[in-house]
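This report concerns only the one structure given below.
The values are calculated or read from the model by the stated rules, or taken from the named source; none is laboratory data. The structure presented is a predicted model; accordingly, all values stated were derived computationally and were not measured. Ideal geometry is used to build each Cβ from the backbone, glycine not excepted, and the neighbour counts take in all protein chains shown.
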């Protein structure tokens with residue numbers, strides 16, 4: 001017979017399995033291993049009032065007690081509840097530690113950002129002071145009095161002859177006719193003309 005051919009179990013009354021021919025020799029051992037599972041499998045519901053599932057052993061032995069079964073169920077549920085509560089506490093502790101760690105990191109980043117901003121603010125202030133100092137030095141350099149040829153400090157006045165001034169004064173007459181000469185120059189020209197005439 002083929003070793004892989006399907007063959008019904010020899011114990012047809014209690015077992016309805018279909019096995020390969022090669023597994024027939026191991027059937028007694030397999031049945032012993034599965035016997036305990038078979039005895040504890042749920043086969044019905046208690047009709048006495050508890051409404052719990054009954055195992056094969058409970059029905060065969062008639063040892064089912066609704067009170068004991070409910071107590072066992074209650075104990076199991078309490079144990080499960082305690083386990084879940086413990087897991088919840090541990091989870092809350094882990095999340096609390098994680099939250100504290102994240103808050104510490106955020107605080108550290110904020111402190112670092114504030115220190116960096118203060119550092120750059122001080123640098124910017126120092127740069128502004130340096131720029132102001134350089135500006136004052138440059139302006140002070142151009143404000144220094146110009147030395148004359150003799151070496152004494154003072155303003156150097158252009159040397160212009162009287163004839164040159166006369167030409168400049170009368171050269172403004174054309175512009176005066178068209179209103180292009182400022183009033184201050186007109187007053188200066190009138191004063192110069194009166195001095196020249198005297």
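Annotation note: Cβ proximity below 7 Å between a residue of segment 134-152 that is surrounded by 10 or more Cβ atoms within 10 Å (Cβ to Cβ) and a residue that is modelled with pLDDT under 70 (sequence gap 6+ or interchain) occurs for 145/153; 145/154; 145/155; 147/153; 148/154; 148/156. Examine segment 125-132 for a residue that is surrounded by 10 or more Cβ atoms within 10 Å (Cβ to Cβ) and over 38 Å from the mean Cα position of the chain (by Cα), and state whether such a residue exists. There is at least one residue in segment 125-132 that is surrounded by 10 or more Cβ atoms within 10 Å (Cβ to Cβ) and over 38 Å from the mean Cα position of the chain (by Cα).
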